[in-house]
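For reference, the structure discussed in these notes is given below.
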Amino acid sequence: MGLFSRTKTAAPVTVRTPAGPDLSHLSGDWTIDATHSEIGFSVRHAMVTNVKGRFTEYEGKLHLDGATPGNSSADLVIKVGSIDTNQAQRDEHLRTGDFFAAETYPEIRFRSTSTEQLDADSYRMNGELTIKDSTRPVVLELDYTGSATDAYGAERVGFEGRTVVDRTEFGLTYNAALETGGVLIGEKVKLSFDISAVKAA
């Protein structure tokens with residue numbers, strides 16, 4: 001990202017990286033508003049399409065440092081039982097021991113370990129994701145989508161994020177072979193985050 005300028009005499013190219021927006025007002029603690037956010041996932045099904053779903057119950061906190069984004073952090077807890085793929089029978093199967101074993105492991109957790117600003121609106125957050133009894137490193141790609149004061153006077157900030165994980169690394173190994181070759185469920189799961197957070201008083 002940058003502005004490129006070249007003189008008529010073919011002088012060396014000068015690259016200027018534009019200053020990003022002033023995000024100092026974002027510094028502080030924020031609480032994720034689950035009623036205006038979404039945590040979703042997508043996984044390959046029968047080798048030909050994708051099944052999409054979401055979790056409807058979760059809570060999380062952000063600590064943002066607008067001046068030094070590397071000091072920012074995030075913690076998120078997702079209730080496994082809230083999984084929703086718009087098909088009740090499938091959701092019940094996902095809660096069983098074949099997949100999440102929701103009664104034994106009722107929560108999915110994410111805790112950030114470091115944050116890096118890539119450009120004015122893009123960030124990379126490293127962290128640890130825990131599903132069942134397995135904790136693995138993950139990398140989230142994040143985009144800052146803006147901030148505003150809502151109609152009730154609350155300060156809000158928005159981020160969109162995404163990552164891809166291998167479900168088998170978290171003990172989610174259930175599968176079935178297809179008669180035509182291949183397997184019923186893909187191993188790679190795309191996770192997506194559309195987050196609205198409210199600044200703590």
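Throughout, read-outs are computed from the coordinates displayed, never taken from laboratory work. Keep in mind it's a predicted model, so treat the numbers as computed, not measured. Heads up, the Cβs are rebuilt from the backbone with ideal geometry, glycines too, and the neighbour counts pull from every protein chain shown.
About the Cα centre of region 21-199, what is the dipole size in debye to 20, counting +1 per Lys and Arg Cβ and -1 per Asp and Glu Cβ, all else neutral?
Working: 18 positive and 29 negative charges, 87 e Å.
So the magnitude is around 420 debye.
Quote the FRET efficiency, to the nearest 0.05, computed for SER122 versus ALA177 with a Förster distance R0 of 30 Å and r equal to the Cβ-Cβ distance.
Rounded to the nearest 0.05, the efficiency is 0.15.
Hey, in the GNM for the chain with a 10 angstrom Cα cutoff, which one of ARG44, ARG90, ARG124 fluctuates hardest?
Largest GNM mean-square fluctuation: ARG90.
I want to check the label-to-label distance for THR96 and THR68. Put each point 7 Å from Cα in the C-beta direction and report it in nm to one decimal.
5.2
Subtracting the Cα-Cα distance from 0.36 nm times the residue separation, let me have the gained length for ALA88 to LYS52 in nm, one decimal.
Computed gain between ALA88 and LYS52 is 11.6 nm.
Would you tally the net charge around SER112, using a Cβ to Cβ cut-off of less than 9 Å, leaving SER112 out, and scoring K and R as +1, D and E as -1? Intermediate results must be reported in sequence, preceding the final value.
On the way: positive: ARG111; negative: ASP75, GLU128.
Residues near SER112 contribute -1 overall.
Can you give the direction-averaged projected area of the convex hull of the alpha-carbon atoms in the chain, in nm²?
Taking a quarter of the hull surface, the average projection is 16.2 nm².
Given Cα pairs under 8 Å that are at least 6 residues apart, what percent is the relative contact order of the chain?
Once divided by the residue count of the chain, the mean separation gives 22 percent.
So, R0 is 30 Å and r is the distance between the beta-carbons of THR104 and ARG162; what FRET efficiency does that work out to, to 0.05?
0.60
What distance in nm separates the two pseudo spin-label positions at LYS79 and THR135, each 7 Å out from Cα along the beta-carbon direction?
Output for this residue pair reads 2.4 nm.
May I ask you to evaluate 6.51 cos²θ - 1.76 cosθ + 1.60, the Karplus curve with θ = phi - 60°, for each residue of region 175-181 and list the ³J(HN,Hα) values in order in whole Hz, giving x for glycine and proline?
6, 8, 6, 9, 4, 8, x
Evaluate Rg over Rh across region 56-99, taking Cα atoms for both radii and Kirkwood's formula for Rh.
A ratio of 1.26.
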